[in-house]
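One structure is given below, encoded as structure tokens.
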Amino acid sequence: MRRMLKWFHGLFHLDVMTKFMPRGSQRQAVVVQSAVPLAEEQSVADHAFRGNYQDLPAWVDEHYFAWVTGAAPEGALPDDAFASQMLDYLDVLASSELAGSNLIPRVPSVMIQLLKRMHEENVSSLELSRLISKDVVLVAAILGEVNSSFYNLSERSSDLSQAILMLGHNRLRMVLAKVSFTPVYSQQLGSLTRESATRIWDESQRRALACYRLAKARQVDPFMAFLAGLMQDVGLMVALRVFDRSSAQSQLPSLNSFRSELESKALLLSSRIGTIWALPGVVIKAIEAQASPTQVSAVLPLAQVLRRADFLSKTSILIQQGLLSVDMDRMRKMLTEAEMNCFFVLLDGKSSLAQLT
């Protein structure tokens, strides 16, 4: 193992050791068309999905990946040797002690402590306030949330204990999780991550909010689902960081086989890093299952929620970017009512932590 790590260290110069509505409604057309300017309507029509809608999730994965990472266009000359070396290296990285977690900012340890304490029924607001006050960024985020227009306070609050009571445990956990994961998706990690980080973070937040909504409909712990949604792409950020530090190229290889393997290995990295960060086991298992579609249907419901939320969030982004248009009647046939409702919320762009109950 050490010999292989040393070899890749020399090769890559990496320090790896250190819209569901009644028929006849007009909203269907409005939502899809409002995603892009009128001048681009023809372009949207050119991106209409005309295949079997059971194949839409795979199509969305492929085109979202190309959009978010700037993968080389089809027909570009692939660098098979580099692609193979990078994938092999990710395997080695996943089995190493740190699993690449040293290549990205770490979730604050106080966040892990808070997660554990907030599952205890007897935890007090005073105890939570004491833990949160150790991290000035978390304090600012919580006060910023309660002082937002949603709560409509007559005067700005600077009392952390009062803010915790106003938010309640559930929303407080989500605010803390969002703030804690934000640095992971930093734009300052490298050239490729600089281009992709904002897009990946946007999709991660959408996925987390969709997870929360779908979890409530499936009687799954909404916060565990929210956390899984934020955590899923951590491994992808590590993989992109590896690419940044190992290649002078600005684009990933375009082959579908490469994309599929990269995504699977990134999910493994996410689960390994989640274990290192001491995240709940149910979250880690749900992320691991995403690497195998057959596993998702056979394991815990949280994995199924995560899979559907990922599809809905990516699809909504492609539609809003003018890269996809879909037949809503056909979407209804493949989605549940809860999933269609969630899909419309994502398309409207109005979903936020403050609106979750």
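The values are calculated or read from the model by the stated rules, or taken from the named source; none is laboratory data. This is a predicted model, so every value here is computed, not measured. Note: ideal-geometry Cβ built from the backbone for every residue, glycine included; neighbour counts use all protein chains shown.
Quick notes
- The helices (runs of 4 or more DSSP H) found entirely in region 89-161 that carry 3 or more residues being within 27 Å of T193 (Cβ to Cβ) are 109-118, 136-146.
- Count of region 173-201 residues which are modelled with pLDDT of 85 or more, farther than 16 Å from A239 by Cβ and not charged (D, E, K, R): 10
- Residue check for E145: under 23 Å from the mean Cα position of the chain (by Cα) and of a type in the set (D, E): yes
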